[in-house]
Amino acid sequence: MALPEVDVARAEAMPSASMASEADRQGSVRIWGDEKPKWFDAMIDAPPDVLRRQFGGIYGKPHAYLALSGGGENGAYGAGLLTGWTASGRRPEFTMVTGISTGSLIAPFAFLGPEYDRQLTEIYTIYSTKDLIETRPVLQILSAASVADTTRLRRLIASYINAEVIAKIAAEHRRGRRLFIGTTNLDAGRPVLWNIGAIADSRDPRAAALIHDVLMASASIPGAFPPMLIKVEADGRMFDELHVDGGTTSQVFLYPVGIDWRKVTRKLKVPGKPDVYVIRNASLDPIYDPVKPKLLPIAGRSISTLIRTQGVGDMYRIYLGAQRDGLKYHLAFIPSEFDVKSSEPFDLAYMRKLYQLGYEQGLAGTAWHASPPGFEH
């Protein structure tokens, strides 16, 4: 496995990121999230026998795609919804799963299916703030890259995304299914989509560490959590790329807008209309909460407002793309009636109640909306 290759001008070029011959045949280990990959048309225009061989598990079969948003502790909603969906007996196998921030922690288990519902439940119902992060002393914050130390979160991710899980992700990748995690390349100021299955299938001894780095980067809220330095190679020299929370550039994603997905479904002989399921781990309604006229409260509320409106825009973008590309759109989000308050970054009591709400909606099938607010038919 070659490490991702980049031009020396880090902020001006995207790495080809080929990590193995299989990745070369099926696409890069990572792509820009805001443009169509240059290799895409050549890949999807391959002869039918080649496509059938590369995408055997999804060729000629119905497709279902799952997009998981950011939301911090609100990821408990998505985790509960998925496990309740399993209990209902109606949960499909997802052809493709994408995740950002807290969605990136859900995504590997959603991708692998109901067999991993226990792990998904544990992550959002038994760990609280003290188990995941450690706030630095004030004097350390002044010279550090973040308020919190996430060493504990890194250990937790490594324990759950272990060799067995990575091997199963690789096996599903070989069937043609795809798992993408979004980060933000802070040097370039652009979204990056990482093909986790291709990394897992590379058989490189560094693959597990890179997957853990990507998951950590996707969940690294700028300022709160430390950014991730991911090593890349150019002209035989090593460089560090700075990656942070994928939510910095997008709260939820499906595929770059430049891709003609009708062509994808036609070439892969997909019967009927594929289903797109978007789980927004947040409420869509603004909450009235008077802000103290001081720097930190103003900055904090401004950022949370930006995230909320950005998330709404992302849902509209995916909806319009689905309409254009002939996909059936389904959206779930935390209902405004849920009025439980959280008292810390990862409040265990709050997450358990939110998980239960998601579970009940997933079981009953009441979570899904056919369009975002404002687009109702």
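Panel note: the C-alpha atoms of the stretch 307-369, placed on their principal axes, show extents of 41, 29, 17 Å (largest first).
Eigen-decomposition of the gyration tensor built on the alpha-carbon atoms of the stretch 165-263 gives equivalent ellipsoid semi-axes of 22, 19, 14 angstrom, largest listed first. Sorted on the mean count of surrounding Cβ atoms within 10 Å across their residues, most packed first, peptides 48-60, 358-370, 207-219 read 207-219, 358-370, 48-60. Straight-line cross-link reach from Lys341 at under 28 Å between alpha-carbon atoms covers these lysines, not counting any fewer than eight positions away in the same chain: Lys130, Lys292, Lys294, Lys353.
Based on the Kirkwood approach, the hydrodynamic radius assigned to the stretch 51-107 is 12.6 Å, with every pair of different Cα atoms included. Peptides 314-320, 62-68 ranked from most to least packed, by the mean per-residue count of other Cβ atoms within 10 Å: 62-68, 314-320. Report the local net charge at Leu229: Lys and Arg +1, Asp and Glu -1, summed over other residues whose C-beta lies under 9 Å from its C-beta. Once all neighbours under 9 Å are counted, the net charge is -2.
Between His369 and Asp49, residue separation times 0.36 nm minus the direct Cα-Cα distance comes to 111.4 nm.
Candidate cross-link partners of Lys263 among the lysines, defined by an alpha-carbon separation under 24 Å and a same-chain spacing of 8 or more, comprise Lys36, Lys38, Lys61, Lys273, Lys328.
Throughout, read-outs are computed from the coordinates displayed, never taken from laboratory work. On a predicted model such as this, the values are computed, not experimentally measured, just so you know. Cβ: placed from backbone, ideal geometry, glycine included. Neighbour counts: every protein chain shown.
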